[in-house]
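Notes for the one structure printed next.
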Amino acid sequence: MNNLLNKIHQQNATAFTHSGKFHADDVFSAALLLYLNPEITITRGNRVPEDFDGIVFDIGRGRYDHHQKDSRVRENGIAYAAFGLLWEELGAEILGEELSDKFDESFVQPLDNNDNTGEKNELASLIGNFNPTWDAEGSNDEAFFQAVSVAGMILENKFDRYRGNERADKRVEEIYERHMQAFHDREKHSEDAKILILPEFVPCQKFLSETPVAFVIFPSSRGGYCIQPQKKEYSMNYKCSFPSEWLGLENEELQEVTGLKTAGFCHKGGFLMTTGELADAVQACKISMEQFHEKPVIVSFGGDAEYDELLHRIPKLQAAEIIHIDFPTFPEVEVQGIYAEVSMEKQEWKARIKEQVKQILRYKPEAVFVGENLFAAYPIVHTLRKKHIPVLVAAEKDGQKLLIRIPSGS
């Protein structure tokens, strides 16, 4: 057990942080300490008492403060805030080394970055809204601990979710290994290899995206069975979809069009179907695979036709259809010498980008190639990345033309 954890678990353990306006950084730091020891006493103030022997964070220029000039920065350039400094020492004790690193990247770092740079973060804004209004009188300690209570619930739920996802990955891996072994032992036909039947619902999309499995069937909590098509890796598209004429139908209408006597419901979005019997669920998958014929699409957004030959050499997309979409007309700008600003209002600009993205997405592309006009392409790239749609850009290295995939994520 590390020294910090020992200190947190001491009888009559205490901690100290700054008073005044609070942020997600100090709120989640306090919540983390209370998660590990609900009995710890946290005090706020303008100055750390000289005789204080507890844990000091986000004030005092000590180990768990980040306001000094030489405060630490992660290797990826994200500076630590108090929450990150505490998590660095405590995370592995809570989630283990691997999950702790993932939690730091996805949850802690955005909050640290918000505190250090002011970069917008929705969770940080929600926590900040617990601060009393500017003209409220008296101490804001009560509001601080209300925010800490909410942050504590968020942490508990997050920790449970991370542990649950880890259990799910292991469970799905076990089921999938048995499934594939049965296929290799010829206990299952080749078409059945793409249909995975789960004994119970287990989150599995991420794991199965890299496998041949196109459909997952599992018992429904309402009785009967659910069918979920599985998406391709790095794509919003399914490996196989339900026939379009099934979408949005239920009961007698769905039974008539499918020929399946226990067909119950097929979501209009195509991501779920239900049946009363397992045999009908399996048959629904087989019918869908027999009727599924979809040619992959690559959208070339402003890209010259000279790149088409290169796009046709992308692994698994050699037969893809390439759809060319021109860059939008240049918006009206206010020019001052060599400097210019877009004239349209923010909402008009956002609507313009939304319409352009909508135009691209209606083709359900496996990837989007953007041309060389960075001004026109950037807002589109930014939006597509958040939707985890592969965005490709042209580059040259050692005299060779390359297509480079920009990492997705918000």
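Spatial offset of the range 389-410 relative to the range 92-111 amounts to 29 Å, using the alpha carbon center of each.
Summing Lys and Arg as +1 and Asp and Glu as -1 over all other residues whose Cβ lies under 14 Å from the Cβ of G152 gives a net charge of -3. Here the accessible area is traced with a 1.4 Å probe on the protein chains. For the range 359-404, carbon and sulfur cover 52 percent of it. The number of Lys pairs in the range 189-291 with C-alpha atoms less than 22 Å apart, excluding pairs fewer than 8 positions apart on the same chain, is 17.
Which FRET efficiency value, to the nearest 0.05, do you get for D70 and K21 by plugging their Cβ-Cβ distance into 1/(1 + (r/R0)^6) with R0 = 22 Å? Step by step, r from the Cβ atoms, then E = 0.35.
Estimated at 0.36 nm per residue, the fully extended path between A136 and W349 surpasses their Cα-Cα distance by 72.9 nm. Counting protein heavy atoms only, the range 162-249 has 48 percent of its accessible area on carbon and sulfur, 1.4 angstrom probe.
If you average the C-alpha positions of the range 197-258 and of the range 155-184 separately, how far apart do those two centres end up, in angstrom? Here the two parts' Cα centres lie 18 Å apart. Each 10 Å bin from zero up to the one holding the largest Cα-Cα distance in the range 3-163 carries the following percent of pairs: 10, 41, 39, 9, 0. Rolling a 1.4 Å probe over the protein heavy atoms gives the range 18-58 an accessible area of 47 Å² per residue.
Along its three principal directions, the equivalent ellipsoid of the range 320-375 from the Cα gyration tensor extends over semi-axes of 27, 14, 7 Å, largest first. What the range 189-291 shows is 51 Å² of accessible area per residue, with the surface traced by a 1.4 Å probe over protein heavy atoms. Mind counting lysine pairs for me in the range 297-406? Cα separation below 18 Å, and the two need to be 8 or more apart along the chain or on different chains. The result is 12. A Cα-only calculation for the range 297-406 places Rg and Dmax at 15.2, 48 Å. Note on Cα extents along the principal axes in Å: of the candidates (1) 77, 65, 48; (2) 65, 45, 38; (3) 72, 50, 37, the value calculated from this structure sits at (1). For the range 220-374, the Kirkwood radius over C-alpha pairs fed into Stokes-Einstein at 4 °C and 1.567 mPa s yields D = 69 µm² per second. Contact order, relative form, for the range 3-163: 26 percent (alpha carbon pairs under 8 Å, 6 or more residues apart, mean separation divided by residue count). Net charge dipole, the chain: roughly 700 debye, given to the nearest 20, about the Cα centre with Cβ charges of +1 for Lys and Arg and -1 for Asp and Glu. Helices that extend 27 Å or more along their long axis by alpha-carbon positions and average at least -1.0 on the Kyte-Doolittle scale are, among the DSSP H runs of the chain, 141-184.
The residues of the range 297-406 have, on average, 65 Å² of accessible surface per residue, using a 1.4 Å probe with all protein chains present.
The values are calculated or read from the model by the stated rules, or taken from the named source; none is laboratory data. Not measured: the values here are computed from a predicted model. Positions of Cβ are backbone-derived with ideal geometry, glycine not excepted, and every protein chain shown enters the neighbour counts. Keep in mind that these areas ignore ligands, DNA and RNA; they rest on the heavy atoms of the full protein, side chains included. Shrake-Rupley method; radii C 1.70, N 1.55, O 1.52, S 1.80 Å.
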